[in-house]
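The values are calculated or read from the model by the stated rules, or taken from the named source; none is laboratory data. Since we're looking at a predicted model, the values are computed, not measured. Please note: Cβ atoms are built from the backbone with ideal geometry, for glycine as well, and neighbour counts cover all protein chains shown.
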Amino acid sequence: MIETTDGRRIFADKVILCVGGVSRRLPIPGFELTATHSDAWSLTATPPSLLVIGSGATGAQVASVFNAFGARVELFEAGPRILRTEEPEISACVAAAFRAAGVIVHEGFGAIESFERTADGIRMSYGRDGARSHADAALAVVAVGWTADTAKLNLAGVGVETDQRGFIRVDRYQQTTAGHVFAAGDVTGQRMLAPQALNAGYAAATNALLGPSVTAAHDVNPIGSFTDPEYAQVGLSEAKAREGHAVEVVTIGFDETTRAIIDGRTTGFCKLIVDRANHAILGCHIVGDRAVDVAQIAAVAMAGGMKVEDLARLPLSFPTYAGALGRAAVAAAHKLNRGEGALPFDAAHIYDA
């Protein structure tokens, strides 16, 4: 049974929790004066200036979008680089592009001391190594984490356990510690992205009705962000790949990719990571126009078990941004086959004349 705050009672044999998450709050004086990214997306006019605290995928998107709308944007990252879950060279490329576009990027800025209201908006005071600074703007958006939206659910009352971070514990079939309750999406803390949440929701519904039979686990999970420039990844990072594999790494710049040159959008690159032993594609990392779309091609190739030679010989349409991935595959295949005879044909001409 589910009982709502207005007294309604809803009865069901099985329940699926898909209540999502909420922005993490910080124990900082004046934090209540700040906005969340959801607040930012709800604005009906562009603020003249914006502070964005946190440079993960959400913070970077907020900064990129409002900079494009004409706001003066300052992006703050306490760590040494923005987008810390991406490859270091992806972070560097996006940071450089942001700065070139007018975003003021602060990396390793220190710690926030307080927020306070000003006549024109809000002031953030922060410090590092004893030096204090402040930044003023019309609005401050904080995007420093995401927690499960479970505070009002009384989970303990029905035996649904949460982990140390507050996310609902589920097994591989999306079943919670209460057998009749399933959960999917951000509330579980697993792969907190819409496509993965939809997949988990399908698994939860199927298993709730038919018994444990479907899992949402996938070895290939492409992710990307719609900043300017876009960035995307699928598979292993170079560092993680090197922990268990001998690898070949190839990077193709967008400044040597025909479609990017035609469009005058040459910022970016495609990085492909391949296993030297079996020529499997282990990871792909892209930054630049259409990066998210191109990463889907790499994801399909990886999910289908294609060797890099198979991808190299796939005649992708020309000229497209996918040509960067095709050229990276060709370059990796040539390196891996050096000394063992050439590829059956030289595929490089497929992607660039």
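In contact with a helix residue (DSSP H, G or I) (Cβ under 9 Å, 6 or more places away or on another chain) and among the small types (Gly, Ala, Ser) - does that describe any residue in the stretch 158-175?
No, the stretch 158-175 has no match at all.
So which of Ala96, Ala143 ends up being surrounded by 15 or more Cβ atoms within 10 Å (Cβ to Cβ) and of a type in the set (Gly, Ala, Ser)?
Ala143
Collect the residues in the stretch 129-175 that are among the acidic types (Asp, Glu), in contact (Cβ under 8 Å) with a residue 60 or more places away in the chain and more than 29 Å from Ala217 (Cα to Cα), keeping them in residue-number order.
Correct list: Asp136 only.
Restricting to the stretch 202-243, give me the number of residues that are under 24 Å from the mean Cα position of the chain (by Cα) and over 22 Å from Ala291 (Cβ atoms).
Summing the residues that are under 24 Å from the mean Cα position of the chain (by Cα) and over 22 Å from Ala291 (Cβ atoms) in the stretch 202-243 gives 8.
Within the bounds of the stretch 103-122, is there any residue that is under 18 Å from His37 (Cα atoms), surrounded by 20 or more Cβ atoms within 10 Å (Cβ to Cβ) and in contact with a His (Cβ under 8 Å, 6 or more places away or on another chain)?
No; the residues of the stretch 103-122 include none that is under 18 Å from His37 (Cα atoms), surrounded by 20 or more Cβ atoms within 10 Å (Cβ to Cβ) and in contact with a His (Cβ under 8 Å, 6 or more places away or on another chain).
Considering only residues that are free of Cβ contacts under 8 Å to residues at least 60 places away in the same chain and closer than 17 Å to Leu50 by Cβ, which ones fall in the stretch 99-110?
The answer is Arg99, Gly102, Val103, Ile104, Val105, His106, Phe109.
For (1) within 22 Å of the chain's Cα centre (by Cα); (2) buried (at least 21 other Cβ atoms within 10 Å of the Cβ), each residue gets a yes or a no:
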position	(1), (2)
Val158	no, no
Thr162	no, no
Arg165	yes, no
Val170	no, yes
His180	no, no
Asp186	yes, yes
Arg191	yes, no
Pro195	yes, no
Ala200	yes, yes
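What residue, among those in the stretch 62-83 that are assigned to a loop (DSSP other than H, G, I, E, B) and touching a Ser or Thr at 6+ places or on another chain (Cβ under 7 Å), is surrounded by the fewest Cβ atoms within 10 Å (Cβ to Cβ)?
Ranking the candidates gives Gly70 first.
Test Ala40 against the stated conditions and say whether it is surrounded by 14 or more Cβ atoms within 10 Å (Cβ to Cβ) and either within 21 Å of the chain's Cα centre (by Cα) or touching a residue at least 60 places away in the same chain (Cβ under 8 Å) (or both).
yes
Considering only the stretch 254-286, how many residues are among the small types (Gly, Ala, Ser), farther than 17 Å from Thr85 by Cα and in contact (Cβ under 8 Å) with a residue 24 or more places away in the chain?
Within the stretch 254-286, residues that are among the small types (Gly, Ala, Ser), farther than 17 Å from Thr85 by Cα and in contact (Cβ under 8 Å) with a residue 24 or more places away in the chain number 4.
Being in a loop (DSSP other than H, G, I, E, B) and at pLDDT 95 or above is true for just one of Asp255, Asp289, Asp219. Which residue is that?
Asp289
When Phe76 is evaluated against the numbered criteria (1) without any contact (Cβ under 8 Å) to a residue 60 or more places away in the chain; (2) out of contact with any strand residue (DSSP E or B) (no Cβ under 6 Å at 6 or more places or on another chain); (3) within 30 Å of Leu236 (Cβ to Cβ), which criterion, by number, is the only one it fails?
Condition not satisfied by Phe76: (2).
State which residue is nearest to Ser64 (Cα to Cα) when the search covers only the stretch 230-253 and only residues that are free of Cβ contacts under 8 Å to residues at least 12 places away in the same chain and of a type outside the set (D, E, K, R).
Ala239
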